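The values are calculated or read from the model by the stated rules, or taken from the named source; none is laboratory data. As the structure is a computational prediction, the values presented were derived from the model and not from experiment. Note that we place each Cβ from the backbone using ideal geometry, even for glycine, and neighbour counts take in every protein chain shown. The accessibility values were calculated without ligands, DNA or RNA, using every heavy atom of the protein model including side chains. Shrake-Rupley method; radii C 1.70, N 1.55, O 1.52, S 1.80 Å.
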Amino acid sequence: MSIEENHFSDKVIVTNILNGNIQDFAFVVKNTEKLVAQIVGKLTTNEDDRKDLVQDIYLKVYQNLYSFQFKSKLSTWVANIAYNTTINYLQKKKIPIIEIAETIEDKYKLSENPELITIKTEAVGILNDELAKLPPLYKTLITLYHLEELPNKEISEITNLPEGTIKSYLYRARKILKDNINHHYKNEQL
Amino acid sequence: MKSTHLTDEMLQAFLLKEIANDSIDKHLTECSVCRAKLESYQYLIGSMQKITPETFSFDVTTIVMNNISLYEKKKSKKQELTFWGILIFLLIAISSFSIPFIPNILEVFYLKSIIPTQLLLGTGVVVLLFLWIDIIQQYKKKEKKIFNNNLQPIL
Ligand SMILES: [Zn+2]
């Protein structure tokens with residue numbers, strides 16, 4: 001679907017809801033829940049909190065729908081609300097979103113040479129495990145960029161972070177992932 | 001030049017085609033250390049598309065729609081309460097302001113003969129009736145509009 005078509009269907013759905021067809025809000029939920037799941041799911045792991053957050057997020061979307069300006073995709077706008085709501089909740093709970101607990105690199109001083117070329121595609125399980133250990137924000141950015149394949153500009157609209165910051169967080173996150181996965185294999189080989 | 005290896009950032013940017021640079025190309029052909037690192041990143045970035053997507057363990061649409069209809073019910077109840085509150089307040093305010101004028105108004109009916117009184121009452125009743133019918137008509141029109149809107153085909 002092209003951007004214009006996307007914007008058109010966004011407009012139709014939003015106009016219908018604002019005209020009183022509350023049922024049409026289900027379309028908004030269906031169209032965005034996958035993206036919202038990536039954001040909320042990567043930022044918080046607690047199941048009950050996720051449920052509360054999702055309700056909170058979509059109620060905010062519903063209440064503020066009239067103020068949506070169609071300057072971005074509706075999904076990006078919803079994702080931004082999802083991100084902000086979850087971040088606020090994490091801040092209230094004093095859960096750090098970016099602090100990196102000690103990385104493997106710092107712990108073991110990995111030898112740079114030679115790099116082990118062992119990150120095989122079948123090792124997705126290990127990748128998932130290592131990804132889960134990353135700070136919430138890194139996890140989210142990696143997922144939005146590599147899984148949802150969103151351009152940096154859109155990720156920037158969702159997270160309110162400058163594109164440069166997103167880029168450098170992504171570099172850092174990938175480096176940690178690569179080092180930790182390499183370390184994982186090194187341990188296995190010993 | 002093997003003395004300065006490529007940074008991790010450069011390698012990633014190179015893989016993601018964020019930068020294109022002949023000197024990077026050249027270094028990679030000469031340096032096996034950086035090439036190995038590049039390959040690690042290549043595998044990582046390649047497998048990243050296979051990350052298991054997050055899913056909710058509950059039906060999002062059902063939960064959200066229930067929550068929103070609850071919110072709407074609360075909102076309309078609140079609006080109704082506000083409406084009645086304002087109406088009652090206005091009624092009390094107007095009647096308390098009009099108390100001093102009541103004797104004057106009654107005087108009109110006592111002094112004049114029966115015909116002007118009837119005329120006055122008759123006009124009042126006609127005007128009230130007219131307003132009443134108008135309100136009902138408008139209500140029906142709006143109700144129909146809302147009804148039609150709900151039956152609109154979903155796009
Ligand atoms: Zn090198």
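So here's what we get for this one:
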{"quantity": "Long-range neighbours under 6 Å by Cβ, at least six apart or interchain, first residue under 13 Å from B:Met10 (Cβ atoms) and aliphatic (A, V, I, L, M) within the range B:26-54, second within 11 Å of the ligand (Cβ to nearest atom) and assigned to a helix (DSSP H, G or I)", "calculated": "B:Leu28/B:Cys34; B:Leu28/B:Arg35; B:Leu38/B:Leu11"}
{"quantity": "Scope the range B:1-20; condition within 14 Å of the ligand (Cβ to nearest atom) and either assigned to a loop (DSSP other than H, G, I, E, B) or within 30 Å of A:Lys34 (Cβ to Cβ) (or both); matching residues", "calculated": "B:Met1, B:Lys2, B:Ser3, B:Thr4, B:His5, B:Leu6, B:Thr7"}
{"quantity": "Lone unmet requirement of (1) within 16 Å of the chain's Cα centre (by Cα); (2) at pLDDT below 95 for A:Gln23", "calculated": "(1)"}
{"quantity": "Failed item, numbered, when B:Lys37 is tested on (1) out of contact with any Leu (no Cβ under 9 Å at 6 or more places or on another chain); (2) open to solvent by less than 20 Å² (accessible area, probe 1.4 Å)", "calculated": "(1)"}
{"quantity": "2 or more residues of a type in the set (Ser, Thr, Tyr), away from the ligand (no atom under 16 Å from the Cβ) and within 11 Å of chain A (Cβ to nearest Cβ): qualifying helices (runs of 4 or more DSSP H) within the range B:31-148", "calculated": "B:32-48, B:60-98"}
{"quantity": "Matching residues in the range A:132-175 - criterion: being of a type in the set (A, V, I, L, M, F, W, C), in a helix (DSSP H, G or I) and buried (at least 19 other Cβ atoms within 10 Å of the Cβ)", "calculated": "A:Leu137, A:Leu141, A:Ile142, A:Leu144, A:Ile155, A:Ile158, A:Ile166, A:Leu170, A:Ala173"}
{"quantity": "Pair list, Cβ under 6 Å, 6 or more apart: the range A:60-85 residue over 12 Å from A:Phe25 (Cβ atoms), other residue assigned to a loop (DSSP other than H, G, I, E, B)", "calculated": "A:Trp77/A:Phe68"}
